[in-house]
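Colleague: Structure in structure tokens, see below.
What follows draws every value from the coordinates through simple rules; no lab data is involved. Given the structure is predicted, the values throughout are model-derived calculations rather than measurements. We place every Cβ from the backbone using ideal geometry, glycine too, and count neighbours over all the protein chains shown.
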Amino acid sequence: MTNDAGNLSIDFLAGFTIFMVTFIYVATLIPTLFIGLQSRSIDYDAVAYRTGVILVEDPGQATNPSTPSWETLPNYSKGDVVRFGLALSKETPNVLSPLKISRFFCSTDFVYPDDYQSRAVFGDYPYQFNISFQEAGDNVTQSVGDVLPEDYGYSRRVVKIKVPSNATLDFSNFHVTNSVPNRNYTQNATSQAFSIYFNYTELLEEGPHSNNPAYQINPLAPSGDNTEGGEEVLINLTDLHKIPQNSKTTVNLSSISIYRSRSQAPLGTGQGPFNGPVFLPGLTPTNPSRFGLYIDGNSTPVTTLPWPVNDSVSLFIPPGLLGFMGEYDSSTLLNVTMQFSLADANGPTQDWYLNSTQVPPYGAFEYNYNNPNITQPSLKDGVVEVAVW
């Protein structure tokens, strides 16, 4: 009888060994065999969703948290932008800043895709994308990116846009009614002034809706770590030509000064003007940190002073600029003063005009939540759409 006690032949052992080595090798290749079969739409949807979340829920970031927010950096410093974000602040996700929206979609400031790839979409993979924004009731769509293909990942976010406050003072009947209590603007003088002051303690602590940044007046700080929610300020003075009593009186805006105080002292008492030029002309995309001064309805900002004034003056103060001057101190009181000089054909002359610096404690128009001449911040609806492929 043949002995079959369990010995294996050499041929069997060799064949089995070759089979096991081949099996192990094939098993290691299986995961990579199905990469091309994975669903690209799911992957791109995730990227689009992530991009949309970052844009509408994050305020963005500059290299140095103590520097202005990314939307206020000039073009030559755009390399300091670490991350794009359109949110007003971290406390107000889905509430967007109009200045950030405008800067983000400005094709002269940032170049697609290089400037957006690392700051909005992220990752090493060279995604193509299209990001768009539309405000409710507006037929204009702002967008950046490529033309959409047939297949792409998609994310849509419904958002709110903060409409900043603004002050408009109509002087058409001011010399007749003088309807503002405890204000005497109509004093004869050859040099007169109009002042607006900001009490940050009141603005930051007495805001509506439990001091929600979405409804606060806060020109103190730009968006950024611990200083979020800053906004621009627009001051409009209209019908100025109706104030002087003499039709031959001409008016020049001669200077703009800003004073800082931490006590309720009259202008020039216990206060000091800031070092360096206060009037920085021409708010432009290449220099968004400067004042914009527009006279008599002209769309081109005035770049030098003095300048003749007939009908109106509009002063645009960009977000955070007053904050830097106030050193982000919530106890700061800032007084923005426009100085005017009056003359006729024979030289300097006295006439009625603004002269708001003559009334204590500030002799100024207070920018706050209760003044009927100030349009309070409000929210508008909008949509942000992100497509990635």
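Colleague: Per-residue HN-Hα couplings for the range 121-135, Karplus 6.51 cos²θ - 1.76 cosθ + 1.60 at θ = phi - 60°, whole Hz, x for Gly and Pro?
Modeller: After applying 6.51 cos²θ - 1.76 cosθ + 1.60, I find 8, 6, x, 8, 6, x, 4, 9, 7, 9, 10, 9, 9, 9, 8 Hz.
Colleague: Please label the shape of the range 92-135 as rounded, prolate or oblate, based on the square roots a ≥ b ≥ c of the eigenvalues of the alpha-carbon gyration tensor (a/c under 1.5 means rounded; beyond that, a/b larger than b/c means prolate, else oblate).
Modeller: Details: a/c = 2.15, a/b = 1.53, b/c = 1.41.
Because a/c hits 1.5 or more and a/b exceeds b/c, the range 92-135 counts as prolate.
Colleague: Roughly speaking, what is the stretch gain from THR190 to SER143, that is 0.36 nm per residue apart minus the C-alpha to C-alpha distance, in nm to one decimal?
Modeller: Details: separation 47, 0.36 × 47 = 16.92 nm, distance 5.14 nm.
Contour length minus Cα-Cα distance gives 11.8 nm.
Colleague: Now for a separate question. May I ask you to derive the FRET efficiency for SER247 and SER118 from their Cβ-Cβ distance with R0 = 56 Å, giving the value to the nearest 0.05?
Modeller: Using R0 = 56 Å, I get an efficiency of 0.40.
Colleague: How much net charge surrounds PHE171 when only other residues with a Cβ under 11 Å from its Cβ are counted (Lys, Arg +1; Asp, Glu -1)?
Modeller: Values: positive: LYS242; negative: ASP170, ASP239, ASP311.
Result for the neighbourhood of PHE171: -2.
Colleague: Spelling out what I want: for every residue of the range 86-97, take phi, set θ = phi - 60°, compute 6.51 cos²θ - 1.76 cosθ + 1.60 (Karplus), and round to whole Hz; glycine and proline get x.
Modeller: 9, 5, 4, 7, 5, 7, 10, x, 6, 10, 9, 8
Colleague: In whole Hz, with x marking every Gly and Pro, tabulate ³J(HN,Hα) for the range 208-219 from phi via Karplus 6.51 cos²θ - 1.76 cosθ + 1.60, θ = phi - 60°.
Modeller: x, 6, 6, 6, 4, x, 5, 10, 7, 8, 9, x
Colleague: For ASN218, list long-range residues whose amide hydrogen, built 1.01 Å from N in the peptide plane, is under 5 Å from its own amide hydrogen.
Modeller: Placed amide hydrogens put GLU231 under 5 Å from ASN218.
Colleague: Then there is this: Where does each of 212-218, 24-30, 146-152 land if you order them by average Cβ count within 10 Å, highest first?
Modeller: Details: 212-218: 22.4, 24-30: 8.9, 146-152: 11.3.
The densest-packed peptide leads the list: 212-218, 146-152, 24-30.
Colleague: Now for a different question. Once the other residues with Cβ under 11 Å from the Cβ of LEU240 are scored (Lys, Arg +1; Asp, Glu -1), what is the net sum? Present the calculation step by step, with values, prior to reporting the outcome.
Modeller: Numbers: positive: LYS242; negative: ASP170, ASP239, ASP296, ASP311.
Summing Lys and Arg as +1 and Asp and Glu as -1 gives -3.
Colleague: Check the straight Cα-Cα distances from LYS380 and name the lysines below 28 Å, setting aside those fewer than 8 residues away within the same chain.
Modeller: Output for LYS380: LYS90, LYS100, LYS160, LYS162.
Colleague: Cβ under 14 Å from GLU135's Cβ, GLU135 left aside: what net charge do those residues give with Lys, Arg +1 and Asp, Glu -1? Walk me through the numbers on the way to the answer.
Modeller: On the way: positive: LYS100, ARG157, LYS160, LYS162, LYS380; negative: ASP138, ASP381, GLU385.
Every neighbour counted, the sum reads +2.
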